[in-house]
1. For the condition among the polar types (S, T, N, Q), closer than 21 Å to PRO8 by Cβ and in a helix (DSSP H, G or I), what is the one hit in SER59, SER49, SER67?
2. State which residue pairs qualify: first residue closer than 18 Å to ARG50 by Cβ and inside the stretch 20-33, second residue surrounded by fewer than 13 Cβ atoms within 10 Å (Cβ to Cβ) and not small (Gly, Ala, Ser) in any location, beta carbons under 6 Å apart, and separation of 6 or more residues or different chains.
3. So how many residues does the stretch 35-52 have that are modelled with pLDDT of 90 or more and basic (Lys, Arg)?
Amino acid sequence: MTETINGPWPPTREMAKALGAKHYFTGDPCKRGHIAPRFTAKFACIECSRIAQLTDNLSDVARRRKSEQFKAYVSDPHRHAAMMARKKERDQTEEYREKNRQNARRYYERKRLEKQYEWFIARLLAGEDVYGLQSEATHA
C-alpha cells in the first residue's frame, strides 16, 4: 500500500504495522484534540509532532540567543567587574553566615523563648488556665 500525506491510511495501528505503513488514521481525536493521522511507531498524531518540533526549534534559538547575550555581558569589562564584585560579596556573606551560624541559632532560640514567656505571663495575668496550672493549684 503506497501512502501519501493525503491518505489513504490504514484504520488501525495493527493493520498499519502489518502493512509496514508509517501512518494510520482512526478518525478519533488525540489527547490534545487533533483529528489527524498518527505515526505507527509512536502513537503520536502528526500535528502534535509538528508542534513539538517547532517548540524544540524555538527553545534552541532562545537558548543560543541567551548564551550570546551572556557572552556579550561577561565580555564587557565594566559589567564583568560588577559581576565579580557581587560574587565576592556573596562569598563573603556565605563565609560570615557559616562562622556565625551558632550565634544566630542562639539568638533565634532566645527570641522564641522570650515570646513563649510573654505569652505564658499574659495568659496567667488574664486569669486563663495555662497548662492546667490553676486547677492543680486549687487542689493543693
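1. The conditions single out SER49.
2. PRO29/ILE35
3. 1
The values are calculated or read from the model by the stated rules, or taken from the named source; none is laboratory data. Please read these numbers as outputs of a predicted model, since none were measured by experiment. Cβ coordinates were reconstructed from backbone atoms using ideal geometry, including for glycine residues, and neighbour counts include every protein chain displayed.
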